[in-house]
Amino acid sequence: MSVCKATPIRQKEAWTISRDVLLDRYTTFRVPARAALLADVWDSAALPELFAMPQAQDLPVLVLGGGSNVLFTRDFEGLIIHLSTSGIDILASDSQYALVRVAAGEEWDGFVRWSLEQGLSGLENLILIPGAVGAAPIQNIGAYGVEIGEFVATVEAWDRFKQDLVRLDNQTCAFAYRDSVFKRKRERYVVTAVEFRLRKQPGLRLDYAGVRHELASMRIGSPTPMQVGQAVERLRRRKLPDPSLIGNAGSFFKNPLTSIEHARALKKDHPELPVYPYDEDRCKISAGWLIEACGFKGIREGDAGVSDMHSLVLVNYGAATGAQLWALAVRIQGAVAARFAVHLDPEPLVI
């Protein structure tokens with residue numbers, strides 16, 4: 001692909017499509033990669049027309065939101081649809097709950113802060129997570145003991161197979177740990193909006209590591225949802241590198257699930273290993289601990305590295321390529337598998 005400036009080839013009121021687009025400003029890893037075609041979409045009603053274009057029929061298609069959960073190891077020889085839609089609306093409200101509809105292109109952290117300003121509770125533990133609202137149910141994002149799937153009432157999506165707009169209720173979304181039907185069927189669904197059922201009366205989650213201690217350091221005994229959000233934000237800023245300052249996509253690996261027997265054996269050999277019950281057959285263990293135990297925390301190879309703040313975070317110090325970051329990730333996977341017989345799965349989509 002040439003290195004010429006992105007060239008608009010078609011423009012409409014609801015979308016613009018350009019050729020040969022540099023992707024560093026579209027992703028938080030900021031690696032050098034280009035898209036053959038990229039469509040910026042401001043109105044999801046334009047999706048049927050876009051998908052009817054010959055380019056969408058003949059080329060690979062990737063939907064991109066905030067770009068905080070993807071690593072490009074090469075140029076993308078297809079069409080990227082970048083959703084820039086906006087809008088937050090309260091659809092219904094009673095004494096206990098509010099039903100809120102959010103366009104897929106809205107910034108996730110901005111929406112969380114909006115919800116807290118409205119006096120709504122549920123999302124405060126998920127503050128400061130980068131990315132777009134439309135990507136949140138795909139990954140079933142979670143932090144500090146909370147997952148988004150608990151609060152999703154309905155996901156609206158364009159179904160490429162049915163060629164129609166569909167609404168999937170919470171059960172149909174099939175939420176699991178960092179997983180959903182949208183992640184398993186990326187080629188089928190394009191999330192256009194998410195409806196959340198948020199509480200008006202606080203149901204705070206304070207037992208995850210560090211939250212109560214942080215509130216105590218803030219001298220807060222009976223916190224509001226807003227104050228819990230502030231505590232979580234303080235924790236995240238201390239523990240995680242800011243993607244606006246250094247390229248990263250947050251946690252690069254999922255905490256692995258393993259059998260109870262294997263978790264017990266690991267815990268016996270390594271008493272300090274954090275192990276959490278998951279279901280009746282499996283435990284969740286700390287990927288960060290495993291990576292740090294293998295000596296990768298703070299490592300740097302050229303401009304690709306592992307953060308010295310948190311061993312789960314791969315970072316681009318400036319000029320790393322996606323291929324270099326992925327090579328480091330593969331090395332980490334191999335080292336953890338060899339020492340602990342545990343496989344680490346990446347959280348981001350790796351192209």
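Annotations
- Flag if TYR317 is among the aromatic types (Phe, Trp, Tyr), surrounded by fewer than 17 Cβ atoms within 10 Å (Cβ to Cβ) and more than 18 Å from PRO243 (Cα to Cα): no
- Residue count for region 229-262, restricted to those that are of a type in the set (Ser, Thr, Tyr), touching a Lys or Arg at 6+ places or on another chain (Cβ under 7 Å) and surrounded by 17 or more Cβ atoms within 10 Å (Cβ to Cβ): 1
- Reported count of residues in region 274-297, each being touching a residue at least 40 places away in the same chain (Cβ under 8 Å) and within 23 Å of the chain's Cα centre (by Cα), is 6.
- Residue in region 194-204 that is among the hydrophobic types (A, V, I, L, M, F, W, C) and more than 26 Å from LEU64 (Cβ to Cβ) present: yes
- Any hit, region 159-176, residues being farther than 21 Å from ALA46 by Cβ, part of a strand (DSSP E or B) and touching a residue at least 40 places away in the same chain (Cβ under 8 Å): no
- Positions within region 318-351 being basic (Lys, Arg) and either within 20 Å of the chain's Cα centre (by Cα) or within 28 Å of ALA135 (Cα to Cα) (or both), in sequence order: ARG331
- Where THR172 falls short, out of the listed (1) hydroxyl-bearing (Ser, Thr, Tyr); (2) more than 21 Å from ILE90 (Cα to Cα); (3) surrounded by 18 or more Cβ atoms within 10 Å (Cβ to Cβ): (3)
The numbers here are math on the coordinates, done by the rules we state, and not lab data. Computed from a predicted model, the values in this text were never measured in an experiment. Glycine also receives a Cβ, built like all others from the backbone with ideal geometry; neighbour counts cover every protein chain displayed.
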